Each structure stands twice: as structure tokens, then as C-alpha cells.
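Coordinate-derived values only; no laboratory data. Since the model is a prediction, treat every value here as computed from it, not as a measurement. Heads up, the Cβs are rebuilt from the backbone with ideal geometry, glycines too, and the neighbour counts pull from every protein chain shown.
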Amino acid sequence: MGRRSEPGGGSTAHGEGGEDDGGARADDGARRDREVCDGRDTREGYALPPPVYGPAAYRDRNWAPELRAAACGTATVLAIMLTVDLAAHTIDPLRATCWTAIALVLFAALFPVRVTAGADWLAVRGLLCEHRVRTDLLVLVHRSDGMAPRLVLRDVTGSRVELDPKALTGNPVLWHLLDTGARLSRERGLLRSGGEVLRELGERIDGDGARGVFEASGLR
């Protein structure tokens, strides 16, 4: 009888262990299902990846020249104001401080935003802060025309960026990264507004690229 009860007890213990293992596997599977959406890891803290500066990130190649132009313009204005005061013998510490403050405000207004992009993300950094969106999770693309045209992007997390379309027309790599992410957004059914804006922008960039090739080859 003792021998018969041992196998029974062993099978019971094994059965309980099997149930525990099965429950653990089910919990792990449910957790993985929550963490993976459309084949992408969407755990908290990963939805918006940190900035990556290197081979995986591409910057606006026109940003550095624009920054130099803003700095030179500001310095020129400050020099002119100080020179006028010196010539009129009206310069004093208070006036010099005032002109310097005005020059700093002018530089802040002229400071160009820096657009950086990588796989599935795009970031716009100003003088003080940076804003970032997931290009593969876009829900809105809008263009506002006027004295300063702006392209507005917003993703499912509510993050929003504004940038000058020239940053894309002057940087085909940035445009390619944005367009690739926007295509994923459309395939997922997220981006339902703004497709026409991106199409027109893409045609313009393609036209400028073809025109550049013709001009480089001597064709008109």
C-alpha cells in the first residue's frame, strides 16, 4: 500500500507543479502580449526612445550655417549700436547693458531649431527644450502656410512638433525617415489626416532632386 501511495503522491505533486508552471507561462504570455503591439515593444519608457546621436541619427545639415548666420547677424547689430553710441559719446554701462540685452533677445529670436531624426522618431530642438514624436505612430500631419510655413506632427501619445518644411526639402535623408515612419502609421490605420500634405511635400522634394541632377549634368 505504501508503494502504491508514493506514485500517487508523486503524480499529485507533479500535477500541482505542472499547474504552477502553466500558470506562470500564461502570465508571462499575457505580459508579453501587453508589452508588444504590432510587433514593437511599447513598454513604459520605450515609447519615445532617448536621443541617439551617431550613425542611427541624422541632423539637419543646414543648421550649423544658419546658427553662424544668426550669431554673426546679432554680433553685427550689437557692434553697430555700440559704435553709434561711442561716436556720439553717449556710451555708458547702462546703455551698453541695454544694447547687449537687446542683442541677446534678437539672437534668441533668430536661433534656428535643429531637426534630428532616426528610425521611427523625429525630434525638434530649440534654444531651451526638445520635442519628439514617433513617426511610426503619427495620427496627424498638418501644414500651416503663411509668413513662416510650419509642418505640424502629432503622435498617439499626444507629443507634438513643429518644423519648417525647408528642413525636409533641404535634407532628403530626414524626409526619407519621416516618410517611412508615416507609411507605417498609415498601414496601422493611425494616420488618417495629412496624407495629401506628405504626398505634395514628397513630390516637391523629388522634383527638386531631379532638377539638381539635371543642372549638375548640364541639362535644362
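Would you mind classifying the stretch 84-130 by shape? Square roots of the alpha carbon gyration tensor eigenvalues, ordered a ≥ b ≥ c; an a/c under 1.5 is rounded, otherwise it is prolate if a/b is larger than b/c and oblate if not.
prolate
Separation between the Ala69 and Ala96 pseudo-spin-labels, each 7 Å from Cα along Cα→Cβ, expressed in nm?
3.2 nm
Whole Å is fine, so just give me how far the alpha carbon centre of the stretch 77-106 lies from that of the stretch 107-153.
With the stretch 77-106 and the stretch 107-153 each reduced to a Cα centre, they are spaced 34 Å.
For the pair Thr169 and His89, how long in nm is the line joining their label points, each one 7 Å along Cα→Cβ?
5.3 nm
List the trypsin sites (Lys or Arg not before Pro) within the stretch 122-187 that fall in a DSSP loop (any state other than H, G, I, E or B) and whose Cβ has at most 11 other Cβ atoms within 10 Å.
Those that pass, being in a loop and sparsely packed, number zero.
Report the full-extension gain for the segment Glu187 to Ala148: residue separation times 0.36 nm, less the Cα-Cα distance, to one decimal in nm.
Contour length minus Cα-Cα distance gives 10.9 nm.
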